[in-house]
Amino acid sequence: MVMVLSRQKYYFLSLLIFSSFLTGCSHYRNPDPMRPAHLAAVMDSGTLCPSVQHSRHASKLVAHTLRDIIRNSPPYRQAHHLPPVIPHPAQNDGSVKKELYCPLSPLFRHEKWKIIYVLQKVAHEPKPGWVSYSYKEGMEISTMIWDRYGYNQEPVHAHKKINPAPHATTRVTPLDLWIQQHLSYPAAASSAGIDGYTTVRVRITRLGKVRSVRFVKSSGSILLDNATMNMFMGQTLPNDPHTKMSDHIDLTVKYIIVRPS
């Protein structure tokens, strides 16, 4: 009788130790810190990187993003006889009030990637006096990855001959000088090797005061797009005496990292 009781106790302890191994040593937390319901707490606590490292949701988002980059690349779609992906222009949905960044180096398909996980707090004002907030996740991908997967390829026109344009002397305008003085490269983008160009439409008053800024073509980087928008918001642009002031100006701001050869 004593032997039976001790054996049952032994089996019970073994089951307890095994169950604690499955739950206590898991890489992911429960509840998941990066689930949509918890993003506000992550933003307020400023613990983005530890939360991302212990989040199954974040891991799936990273894998899904990198998988889409490969499957939407021009060489992949050509090899599988798929139509090219036409990118949609980025929509300016609300204003970003706060951003957190977490550099990651995930190993995906036996390849090490360099990306930045971005969490944004976005303010929405459907009508004056009413403000709501949403939290958005995104990925900043290095331009070297886009080049590696053929996103820099241009369509080939076999029978189209392109004549070089005649050399023209460009005049530096007061607006060019203003942009040079106010343009700053985002530190997070520079350290991550992210470059590109953003095209925006800036609506202005007759006196040059900026009324609104809208994206015409995104750079593919939240860091660069926000830097361009923040440069113009609330500013007054210089008036060019040689040209008539329009109600809007289309501008392309290029962010280029000079790399040693």
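The values are calculated or read from the model by the stated rules, or taken from the named source; none is laboratory data. Since the model is a prediction, treat every value here as computed from it, not as a measurement. Cβ placement follows ideal geometry from the backbone for every residue including glycine, while neighbour counts extend to all protein chains displayed.
I'm trying to understand the selection: among the residues of region 35-66, which are among the β-branched types (Val, Ile, Thr) and closer than 14 Å to Tyr135 by Cα?
The one that is among the β-branched types (Val, Ile, Thr) and closer than 14 Å to Tyr135 by Cα: Val42.
Looking at the structure I just gave you, is Lys136 modelled with pLDDT under 85 and either out of contact with any Lys or Arg (no Cβ under 6 Å at 6 or more places or on another chain) or assigned to a loop (DSSP other than H, G, I, E, B) (or both)?
Answer is no for this residue.
Within region 97-123, track down each residue that is of a type in the set (Lys, Arg) and within 25 Å of Tyr133 (Cβ to Cβ).
Result: Lys97, Lys98, Lys121.
Here are Pro33, Pro50, Pro87: which of them is at pLDDT 85 or above, in the same structural domain as Pro128 (by TED's automatic domain parsing) and part of a loop (DSSP other than H, G, I, E, B)?
Pro33
Could you grab the pairs with beta carbons closer than 6 Å, sequence gap of 6+ or different chains, first residue in region 197-225 and of a type in the set (S, T, N, Q), second one part of a helix (DSSP H, G or I)?
That search, which allows pairs on different chains as well, returns Thr198/Leu224; Thr198/Asp225; Thr198/Thr228; Ser218/Asp225; Ser219/Asp225.
Only one of Arg77, Arg109 is surrounded by 12 or more Cβ atoms within 10 Å (Cβ to Cβ) and in the same structural domain as Leu48 (by TED's automatic domain parsing); which?
After applying the criteria, what remains is Arg77.
Looking at Ala58, Ala63, which one is in the same structural domain as Tyr135 (by TED's automatic domain parsing), touching a helix residue (DSSP H, G or I) at 6+ places or on another chain (Cβ under 7 Å), modelled with pLDDT of 90 or more and under 24 Å from Glu111 (Cβ atoms)?
Matching residue, one of Ala58, Ala63: Ala58.
Filter region 112-133 down to the residues that are out of contact with any Phe, Trp or Tyr (no Cβ under 9 Å at 6 or more places or on another chain), surrounded by 10 or more Cβ atoms within 10 Å (Cβ to Cβ) and assigned to a strand (DSSP E or B) and list them by number.
Within region 112-133, Ile115, Glu125, Val131, Ser132, Tyr133 qualify.
Residue-by-condition table, conditions (1) within 17 Å of the chain's Cα centre (by Cα); (2) closer than 26 Å to Leu104 by Cα; (3) surrounded by fewer than 16 Cβ atoms within 10 Å (Cβ to Cβ); (4) in the same structural domain as Ile115 (by TED's automatic domain parsing):
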| residue | (1), (2), (3), (4) |
| --- | --- |
| Ile194 | yes, yes, no, no |
| Thr198 | yes, yes, no, no |
| Val202 | no, no, no, no |
| Ser212 | no, no, yes, no |
| Ser221 | yes, yes, no, no |
| Asp225 | yes, yes, no, no |
| Thr228 | yes, yes, no, no |
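What number of residues within region 207-236 satisfy the criterion of being closer than 14 Å to Gly196 by Cβ and in contact with a helix residue (DSSP H, G or I) (Cβ under 8 Å, 6 or more places away or on another chain)?
8
Looking for something within 30 Å of Met233 (Cβ to Cβ) and basic (Lys, Arg) - is there at least one such residue anywhere in region 66-86?
No, every residue in region 66-86 fails to be within 30 Å of Met233 (Cβ to Cβ) and basic (Lys, Arg).
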